[in-house]
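Contents: one structure, followed by commentary.
Just so it is clear, none of the values below were taken in a lab; they were calculated from the coordinates. Quantities reported herein were computed from a predicted structural model and do not represent experimental measurements. Heads up, the Cβs are rebuilt from the backbone with ideal geometry, glycines too, and the neighbour counts pull from every protein chain shown.
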Amino acid sequence: MAALEGLSPSEKSELVCSLSALLCADSGAEVTEENLTAVVAASGNKLEAYWAPAFASTIAKAKGIEKFCKSPGSGGGGGGGGGGGGEGAAATAEVAAPEPEEEEEIDMGGGCSMFGDEGGDAAGGGDY
C-alpha cells in the first residue's frame, strides 16, 4: 500500500494497530493483545512488541472502542443540521431550546451625557 510508505515506522505501527483494533471491534471480536497480533500478522504487517498490549489495555480501560469512535457531528465544529425531520424532531427541538432571558435595564444614575451636560440636554451647554 503506497500510503504507508511515507509514514515513519512509529506512525505506521500506530496506524496498523488502530486499524486492527477497528477491524476486531467491527467483526465482533474482543480487542485483545492476541486478536490484534493475529490481525496484524494476517495483514502482512509487523509491530514492535509494545503496540498490541498498549492498545488492548487502553481499549479495555475505556470499556470498549466506542469512546474512540465518535459518531458523525458529535465532535469538532458541529457541522450543518439535517434535512426535514418529522413531528418527533420538532418535539425534541422544542424541549432542547432554552428560553432566552430578558435583559433588564439598569439605571446607572450619573445624569451626564457624553457631552458633559447634566440630564442629557445637549442645548444646555457643558464643559466644552
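On full extension of the chain, what length is gained from residue 67 through residue 33, given 0.36 nm per residue of separation minus the C-alpha to C-alpha distance?
Here the answer is 10.4 nm.
Report the full-extension gain for the segment residue 57 to residue 43: residue separation times 0.36 nm, less the Cα-Cα distance, to one decimal in nm.
Once the chain is fully extended between residue 57 and residue 43, it gains 2.9 nm.
Return the FRET efficiency for the residue pair residue 26, residue 5: r is the Cβ-Cβ distance, R0 is 25 Å, and the value is rounded to the nearest 0.05.
About 0.45, to the nearest 0.05.
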